[in-house]
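What follows is a short report on a single structure.
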Amino acid sequence: MSMTLEPTALDAVRADIDRKAGHQRLWFFGIMAVILAYLAFSWVQFDIGSLRKNWKPERASLFLLDTYAHKDHVTVRWSDPAEVDIRFEGGNRLIYDPKPDWYAADGTSRTVSFANGGTITLYDDQVALDWPGQDETIVFRRDADGVPEVAKHPRPLWTDRTVVDQYLADGRWFDGLPDDMRPDTTGPLNGEEWAQLRRDVAALGLDQPPGLPDWIRVTDSKVEVRPSLYERLQVGGSKVEIHRYELGWKYFWFDFDSPLVDTGLFGALGLIVAGERVVPDMSNLQLVWSEFRDNSIWGHGAVLYAMLETIFMALIGTMIACAVGLPLAFMAARNVQPVGPVRFALRRLFDLLRGIDTLIWSLIFLRAFGPGLFTGIFAIAFTDTGTMGKLMSEAVENADDKQRDGIQSTGASTVQQHRFGILPQIMPIFVSQSLYYLESNTRGAVIIGAMGAGGIGLQFLGALQTGSDFENVAYIALLVIVTVMLMDAASARLRRALIGYERPTD
Amino acid sequence: MTAILPEHLTQLEVELKRLQRRKSSYTVVAIVITVAIFMVGVDMANSANATPFSQGFRKIFDFPIDMFKLSWELGFVKWANRVVEFLPDLILTLNMAVLSTFLGFVFAVVLACFASQNIMRSTVIVTFTRRMLDLFRSFPEIVIALIFLYLMGKSLLPAVIAITIHTTGALGKLFSEAIENIDTKPLEGLQSVGGSWVSRIRFGVFPQVMPIFFSYAILRLEINVRASTILGFFGAGGIGQALSNVIQWRDGGRVTAIFVLLVATIIALDYLSDWIRSRMIGRRT
């Protein structure tokens, strides 16, 4: 179609376009304003402003550090300076014997060396820190009262309560402190006044010994040294503690006191394939497996079994849902089930099963079965029976009736009509949905497990709640993610192999 | 009629028999595997469970009946008050879901553009974005939520973060599949008049896929309401947390009040999302 536009007509078209564009712009800004208002509302409702108060950066960095590094604790008591205790992760029975190679001792001193060339040397009455970037050795010791201090950098006078009281009694004030910080009193300070003064001083950064790097903090009861994330020294009144971090998950394959402790994964595989028996009465395969399983630091046996439990929870729950849901779906489909009230009742049953949701089902089954797999299996099965029933009954109703009519014309029974006339049509949907439920239930089973049903979810919650074994938290999290990804990939593969295409799903 | 069949028909019959045999052997294998998994799993469950199956099965409805009795004793007016009492919590949970669906939607739209081969030339970027979306999708919400809950203290944000990440992954994958199925002619047209990449997407892609996007997002919203309730149960706030509190106190009236609120909300959302989606893209199965 061709037409020539008169100038006036063109103008009209342009005006029309402009008007529409103007409307669109108005709509756009209107929607943007609504979205912004909503975000602002959510900001207030979720109290995100106060989050900075609750956010624990110290905890977060420790958590992160612990997930990829491990630490060794060196502990020495002032009362018995020759007795040096070195433990892996500070664990109760994980004591190094013999001592690791980064530790050396002679008659008068004991030295811990670090990867960056720094050393901490423990003497009977003091601790010396030689650190790259520091010209001089920094020495920590205890003063006459047993309070730890930095030897070359005495703490400011005004951090000593007796000195402050003396100054106030004498009517003097410190040159290094602002005058307005001076309490309005001559007598000894009470607890409240003293605490206030300490706070004011700390706010100005005047409570630390001058000339010290800022990674050394001196408090009333201890000296805390943290040159970087990987080293930490605490000098206290009764003991000295050193944390020495190293990258990696130590003892991941084999435990501290396993005969295979120095054998890595490949070493162990080598032993299995070709190697002398390490323990005479056991084959190497058995030994490697049992040592791996009974690793007390990582608890592989328990963790892997829990993972298996979770997978089975999802698998069996999904199986039951499919096995029960499909027949029910047929009974709820208009073209199969002529009785209206039965259809109606089944439909409402599906709604109810789905509506009650996994959360409530889990709570109900937890009360009945106690912690264990049945809880998870039934919670999954009940919810998904509802979902499956609803979805498949719709699929059955949408199936083409001609095929069934054809089979009916051959004199087939009702069951045969459904089996050969309808089932093949809905099979692709059924298979792909079942696999999709399996994927999503694997994630669901982790959650139900954490609610108390057991499996990997509970292990994860437990590891997190101990508050110190973050490497175990990271290990379990990683295991869960890898398993879920594998399940996803396997199910996608199976879906493609069975029905030839991948339905877009979750 | 004599039974002398042409050669090719005989072959066909042999082939058909062979296929049938193969099919039935597949079926047998599948059934054996299924039964084996089932047996192993039930055995595992029976040994792991505190209460044996038969005993637990009889008690399934003890708890709900118990809670119902407690609520019945309250009388309707008092019980209705309990329902009203938890409305603010319910709204909070709903908003958690809405916010994380919204944020996930925005991220997913952006990432989906980078994950679609037909509008993103670089295979490297497409593959990378897809793997990233797969990773996001695989992250179980509970893992992220619990870690952040631990780090941030009890707050709503961990749940929002966790659900947003999962939503981004789930929607992103669906969106990129939708984008890859579009008609590319509008894109070519826009390119021919010098449209930039952004304007090609804005005017060539979005108008085609937006209805599908919204329909997926509404389905996701329904899933996310369930998820935010569950995460609330672990301390993220909202009606889930309220439930975890009252269930410890065995406060029957409040427990049933929350149950009813939740079930009603989920069923209502279910119908609402069905209705909206059928209006948006027509009925699909």
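The values are calculated or read from the model by the stated rules, or taken from the named source; none is laboratory data. On a predicted model such as this, the values are computed, not experimentally measured, just so you know. Ideal geometry is used to build each Cβ from the backbone, glycine not excepted, and the neighbour counts take in all protein chains shown. Protein only, heavy atoms only, side chains kept; ligands, DNA and RNA dropped before computing areas. Shrake-Rupley method; radii C 1.70, N 1.55, O 1.52, S 1.80 Å.
Counting only helices (runs of 4 or more DSSP H) wholly contained in the range B:30-116, the ones carrying 2 or more residues that are at pLDDT 80 or above and of a type in the set (D, E, K, R) occupy B:62-74, B:76-85.
Given the structure, is A:GLY467 among the small types (Gly, Ala, Ser), at positive phi and more than 13 Å from chain B (Cβ to nearest Cβ)?
On the way: among the small types (Gly, Ala, Ser): yes; at positive phi: yes; more than 13 Å from chain B (Cβ to nearest Cβ): no.
Against the criterion (among the small types (Gly, Ala, Ser), at positive phi and more than 13 Å from chain B (Cβ to nearest Cβ)), A:GLY467 does not qualify.
Being over 23 Å from A:LEU494 (Cα atoms), surrounded by fewer than 17 Cβ atoms within 10 Å (Cβ to Cβ) and touching a residue at least 60 places away in the same chain (Cβ under 8 Å), is that true of even one residue in the range A:399-417? Looking through the range A:399-417, at least one residue is over 23 Å from A:LEU494 (Cα atoms), surrounded by fewer than 17 Cβ atoms within 10 Å (Cβ to Cβ) and touching a residue at least 60 places away in the same chain (Cβ under 8 Å).
Scanning the range A:257-286 for residues that are touching a residue at least 12 places away in the same chain (Cβ under 8 Å), outside any loop (DSSP other than H, G, I, E, B) and over 32 Å from the mean Cα position of the chain (by Cα) gives A:LEU271, A:ILE272, A:ASN284, A:LEU285. The requirement of being of a type in the set (Ser, Thr, Tyr) and over 30 Å from A:THR375 (Cβ atoms) is fulfilled nowhere in the range A:301-308; no residue meets it. A:GLY421 falls short on exactly one of the conditions (1) open to solvent by 10 Å² or more (accessible area, probe 1.4 Å); (2) more than 12 Å from chain B (Cβ to nearest Cβ), and that condition is (1). Per the conditions (1) more than 10 Å from chain B (Cβ to nearest Cβ); (2) within 21 Å of A:THR67 (Cα to Cα), the sole criterion not satisfied by A:GLY457 is (1).
Of the candidates B:PHE105, B:PHE61, B:PHE136, the single residue that is surrounded by fewer than 21 Cβ atoms within 10 Å (Cβ to Cβ) and either out of contact with any Cys (no Cβ under 9 Å at 6 or more places or on another chain) or without any contact (Cβ under 8 Å) to a residue 12 or more places away in the chain (or both) is B:PHE61. Could you go through the range A:289-306 and let me know if any residue there is assigned to a helix (DSSP H, G or I) and either touching a Leu at 6+ places or on another chain (Cβ under 6 Å) or of a type in the set (D, E, K, R) (or both). Yes: the range A:289-306 contains one or more residues that are assigned to a helix (DSSP H, G or I) and either touching a Leu at 6+ places or on another chain (Cβ under 6 Å) or of a type in the set (D, E, K, R) (or both).
Within the range A:32-52, the residues that satisfy the criterion of being within 9 Å of chain B (Cβ to nearest Cβ) and either open to solvent by 80 Å² or more (accessible area, probe 1.4 Å) or in contact with a His (Cβ under 6 Å, 6 or more places away or on another chain) (or both) are A:PHE41, A:ASP47. Total residues in the range B:112-133 satisfying the condition of being crowded, with 23+ Cβ neighbours inside 10 Å and under 22 Å from B:ASN224 (Cβ atoms): the figure is 3. Note on the range A:298-320: residues that are within 20 Å of the chain's Cα centre (by Cα), within 11 Å of chain B (Cβ to nearest Cβ) and small (Gly, Ala, Ser) amount to 1.
Residue check: A:PHE382 meets all listed conditions (1) more than 14 Å from chain B (Cβ to nearest Cβ); (2) in a helix (DSSP H, G or I); (3) open to solvent by 10 Å² or more (accessible area, probe 1.4 Å) but one, namely (1).
Okay, residues lined up against (1) modelled with pLDDT of 85 or more; (2) under 31 Å from the mean Cα position of the chain (by Cα):
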{"residue": "A:ILE426", "(1), (2)": "yes, no"}
{"residue": "A:GLY449", "(1), (2)": "yes, yes"}
{"residue": "A:PHE470", "(1), (2)": "no, yes"}
{"residue": "A:TYR475", "(1), (2)": "yes, yes"}
{"residue": "A:TYR501", "(1), (2)": "no, no"}
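Restricting the search to the range B:84-95, which residues are touching a residue at least 24 places away in the same chain (Cβ under 8 Å) and either facing chain A (nearest Cβ under 8 Å) or touching an Asp or Glu at 6+ places or on another chain (Cβ under 6 Å) (or both)?
Taking the range B:84-95 and keeping what is touching a residue at least 24 places away in the same chain (Cβ under 8 Å), we get B:85-87, B:89-90, B:92-94.
The one that is touching a residue at least 24 places away in the same chain (Cβ under 8 Å) and either facing chain A (nearest Cβ under 8 Å) or touching an Asp or Glu at 6+ places or on another chain (Cβ under 6 Å) (or both): B:LEU92.
Consider the range A:141-178 and keep the residues that are open to solvent by less than 50 Å² (accessible area, probe 1.4 Å), assigned to a helix (DSSP H, G or I) and free of Cβ contacts under 8 Å to residues at least 12 places away in the same chain. The one that is nearest to A:GLN208 (Cα to Cα) is A:VAL163. Taking the conditions (1) touching a residue at least 60 places away in the same chain (Cβ under 8 Å); (2) farther than 18 Å from A:LEU39 by Cα; (3) out of contact with any Lys or Arg (no Cβ under 8 Å at 6 or more places or on another chain) in turn, B:THR127 satisfies each one other than (1).
Residues checked against (1) assigned to a helix (DSSP H, G or I); (2) among the charged types (D, E, K, R):
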| site | (1), (2) |
| --- | --- |
| A:TYR38 | yes, no |
| A:GLU58 | yes, yes |
| A:LEU64 | yes, no |
| A:VAL74 | no, no |
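Inside the range A:179-214, residues that are open to solvent by less than 40 Å² (accessible area, probe 1.4 Å) and assigned to a loop (DSSP other than H, G, I, E, B) make up a count of 9.
When restricted to residues that are surrounded by 15 or more Cβ atoms within 10 Å (Cβ to Cβ), hydrophobic (A, V, I, L, M, F, W, C) and not in a helix (DSSP H, G or I), the range B:181-233 contains 1. Among the conditions (1) part of a helix (DSSP H, G or I); (2) touching a residue at least 12 places away in the same chain (Cβ under 8 Å); (3) open to solvent by 30 Å² or more (accessible area, probe 1.4 Å), the only one that A:PRO371 does not satisfy is (1).
Restricted to the range A:76-95, and to residues there that are open to solvent by 30 Å² or more (accessible area, probe 1.4 Å) and under 20 Å from A:GLY146 (Cα atoms), the residue that is modelled with the highest pLDDT is A:ARG77.
The residue pairs whose first member lies in the range B:256-269 and is at the interface with chain A (Cβ under 7 Å from one of its Cβ atoms) and open to solvent by less than 40 Å² (accessible area, probe 1.4 Å), whose second member is in a helix (DSSP H, G or I) and among the aliphatic types (A, V, I, L, M), and whose beta carbons are closer than 7 Å, counting only pairs six or more residues apart or on different chains, are B:PHE259/A:ILE360; B:LEU262/A:ILE360; B:LEU262/B:ILE239; B:VAL263/A:ILE356; B:ILE266/B:VAL225.
The lone criterion from (1) within 14 Å of another protein chain (Cβ to nearest Cβ); (2) more than 31 Å from the chain's Cα centre (by Cα); (3) open to solvent by 60 Å² or more (accessible area, probe 1.4 Å) left unmet by A:ASP351 is number (3).
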